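Report on one structure; see the data block that follows.
The numbers here are math on the coordinates, done by the rules we state, and not lab data. Bear in mind the structure is a predicted one, so any value in this text is a computation, not a measurement. Cβ: placed from backbone, ideal geometry, glycine included. Neighbour counts: every protein chain shown.
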Amino acid sequence: MVASRNVLVVTLGLALGVGCSNQPPASDPSTATGATPPPTQPAPVAPPPATEPTPPASQPATDAQAGTQNGTTTSTTPSAPPEAPLTDEQIVAVLDAANKKEIDEAQLAQTKAKHKDVKAYARVITQHHNEAKAKQAKLVKKLGITAADSDKSKQLTTETQQAVDQLKALQGPDFDQQFVSTMIQDHQKTLDLLDKRLLQDAKNAELKTLIEKDLRPTIEKHLKDAEALAQKLVPA
């Protein structure tokens with residue numbers, strides 16, 4: 001009886017021991033329900049992307065640079081100074097040279113031209129410019145003016161020789177057309193010279209009247225006649 005009681009006690013003891021060993025271990029206080037979790041570390045912030053340095057403000061392009069950028073070249077050459085006014089003596093020399101140019105070219109046309117109207121026009125030019133030359137010589141003698149060369153009168157003398165040499169090398173219709181074309185150019189240039197230089201620069205009232213009332217209307221008519229003659233020479 002005593003032995004059975006001892007066996008029962010041992011059995012109960014073993015059972016209690018096994019039961020205690022099967023219990024789960026006590027949980028960590030830090031993970032227990034209701035416990036405050038430790039503060040979290042903030043996530044690392046990525047550095048901002050590197051930016052290109054801001055270039056300095058560009059300086060405004062100069063006129064020359066702008067011209068080059070646009071495909072054009074801006075000239076920096078200073079303009080030529082205005083021509084000095086002509087004296088009355090120089091004006092007389094210019095008129096002499098202009099008359100001689102027309103006379104020399106027209107006299108050549110009287111011998112070389114083939115078209116009858118070109119020959120007739122050349123005769124009129126020769127006559128009118130000889131008359132203008134005589135009137136001018138009479139006035140110059142009265143005023144006591146002595147002609148004095150200038151760059152303009154020398155230029156006209158050079159142009160006269162060049163035009164005559166060019167005409168001498170031509171024949172037939174080629175001569176006629178070139179002569180009439182030369183007359184148109186000559187009279188256009190002479191009108192421009194009278195209006196922009198001689199009438200502006202002339203000091204003597206009588207000399208200015210001769211240019212404005214006598215020479216200019218004649219030159220203007222010669223130009224119109226030459227332009228009309230050029231139409232007749234156009235091939236049909």
Checked THR146, THR158 against criteria (more than 25 Å from TYR121 (Cα to Cα) and loosely packed, with under 15 Cβ neighbours inside 10 Å); the one match is THR146
Note down all Cβ pairs under 7 Å where the first residue falls in region 175-193 and is in contact (Cβ under 8 Å) with a residue 40 or more places away in the chain, the second is outside any helix (DSSP H, G or I), and they're at least six residues apart or on different chains. PHE175/ALA113; ASP176/ALA113; ASP176/LYS114; ASP176/HIS115; ASP176/LEU233; GLN177/LEU233; PHE179/ALA113; VAL180/LEU233
Qualifying positions in region 134-143 - surrounded by fewer than 17 Cβ atoms within 10 Å (Cβ to Cβ), in contact with an Asp or Glu (Cβ under 9 Å, 6 or more places away or on another chain) and not aliphatic (A, V, I, L, M): LYS135, LYS142
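For every residue, the table says whether it meets (1) of a type in the set (A, V, I, L, M, F, W, C); (2) under 37 Å from the mean Cα position of the chain (by Cα).
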residue	(1), (2)
ALA169	yes, no
PRO173	no, no
ASP176	no, no
HIS187	no, yes
LEU191	yes, yes
ALA205	yes, no
LYS208	no, no
ASP214	no, no
ILE219	yes, yes
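Residue by residue, here is whether (1) in a helix (DSSP H, G or I); (2) more than 37 Å from the chain's Cα centre (by Cα) holds:
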residue: THR111; (1), (2): yes, yes
residue: LYS114; (1), (2): no, yes
residue: TYR121; (1), (2): yes, yes
residue: THR126; (1), (2): yes, yes
residue: LYS135; (1), (2): yes, yes
residue: LYS138; (1), (2): yes, yes
residue: GLN155; (1), (2): yes, no
Given the options GLN166, GLN200, GLN178, name the one that is touching a Pro at 6+ places or on another chain (Cβ under 9 Å), among the polar types (S, T, N, Q) and assigned to a helix (DSSP H, G or I). GLN200
Regarding LEU215, is this residue assigned to a helix (DSSP H, G or I), in contact (Cβ under 8 Å) with a residue 40 or more places away in the chain and under 22 Å from PRO85 (Cβ atoms)? yes
